[in-house]
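Data first, discussion second: the structure below is written as structure tokens.
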Amino acid sequence: MNIILNGDFEAKCSALAEELNYNLYDAVLYDNGKVYRYEHQRANPCNNSYSVSKMFTMAAIGFLVDDGKLSLDETVYGYLADEIRAEVSEEWRTVTVRHALAHKMGIDRSAPAAEEVFMQYDCNDFLTRVFSDRIVHTPGEYYCYSDGAYYILSRIVTKVTGKKLDDFLTDRLFTPLGFSEPAWGKCPFGYPLGGDSLYCRTEDMIKLGIIFLNGGVYEGKRYFSENWVKTAVGENLGMLPCEKRSHGKTGAHGQLVAFCPETGKAIALHAYQYNGNYDFRGAAIREFIEK
């Protein structure tokens, strides 16, 4: 990736961050083949992408769907039955990979899995912990955001490929795209969390947004089928609509990857916004990629 200096982009980012009192680390803008980066303050080269991690887990599932090794309509229990160390309710046996990707497994917002801080659980076996939550809605009909869903998906990737999620993506995405030092937070059993704690550089994180912006292609090489891109975007698998014309994924404390097919632009941010005010993300999308 060739990053070009752009004083106008840097000045606008700086002014916007100051206006909104936003604790921005850096921002990277892709504009129809040109890439610009703005560093607002010095930070670690690789930073926690928080829930933007889910977009990468979705990408791993996309590779397996494109390879014909996994079906979105197979049940998550079917893939992981021999890994779960507790009795699983009949309702769980109807939850599919598609439901997990779309946060529509049927868990309730009051259930512990919706809080998604695994380290608060008095349990080392995260998989059993997630499957112990009650399915109280018909899977596919009720949206409940869940890190637990993406931990399940991480484990499914391993079950299908024999590789941990981070190792699989190293082979299929990180190394081919030239990622520098990505790392993923893991459970006590060594499996990447899937929904959180992927550390990477902002200029690498945006590459997945560019791939989806370009229908599955990055710098002339196809990574995903057009069908997978349409499915993921159309069904909000690992992503959601952003502002008026964009799609992408946000993460806690101000992280973002977003892309706008109408304008041919994408943006990525790393930040740590400790007061819960994320106005900069929407403003950045409106100012830089939807115009």
Next item on the list: Please identify the longest segment of the chain free of exposed GluC sites (Glu not before Pro), where exposed means a DSSP state other than H, G, I, E or B and no more than 15 other Cβ atoms within 10 Å.
Entry: 142-218
Next item on the list: Please list the non-local residues whose amide H lies under 5 Å from the amide H of Tyr199, H modeled 1.01 Å from N, same-chain partners needing a gap of 5 or more.
Entry: Ser49, Ala183, Trp184, Gly185
Next item on the list: Calculate for the chain the 222 nm mean residue ellipticity that helices alone would give, adding -39,500 (n - 2.57) per DSSP H run of length 4 or more and normalising by residue count, nearest 500 deg cm²/dmol.
Entry: -8500 deg cm²/dmol
Checklist line | Whole-Å semi-axes of the chain's equivalent ellipsoid (Cα gyration tensor) | finding: 32, 20, 17
Notebook entry, point to check: List the lysines whose alpha-carbon lies under 27 Å from that of Lys164, not counting same-chain residues fewer than 8 positions away?
Noted result: Lys54, Lys69, Lys104, Lys186, Lys207, Lys221, Lys230, Lys249
Notebook entry, point to check: Which loop-located chymotrypsin sites (Phe, Trp or Tyr not before Pro) does segment 202-245 contain, where loop means any DSSP state but H, G, I, E or B and the Cβ has at most 10 other Cβ atoms within 10 Å?
Noted result: none
Notebook entry, point to check: If you take the beta carbon distance between Thr128 and Asn44 as r and set R0 to 25 Å, what does 1/(1 + (r/R0)^6) give as a FRET efficiency, to the nearest 0.05?
Noted result: 0.15
Next item on the list: Starting at the first residue of segment 207-217, write each ³J(HN,Hα) from the Karplus equation 6.51 cos²θ - 1.76 cosθ + 1.60 with θ = phi - 60°, in whole Hz, x for Gly and Pro.
Entry: 4, 5, x, 5, 4, 6, 4, 9, x, x, 10
Next item on the list: Enter the Cα centre distance for the pair segment 29-80 and segment 199-244, rounded to the nearest angstrom.
Entry: 8
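Bear in mind these aren't lab numbers, they're just calculated from the coordinates by the rules spelled out. Treat the numbers as computed from the prediction; the structure is a model and nothing was measured. A quick note on method: Cβ atoms are made from the backbone with ideal geometry, for glycine too, and the neighbour counts reach across all protein chains shown.
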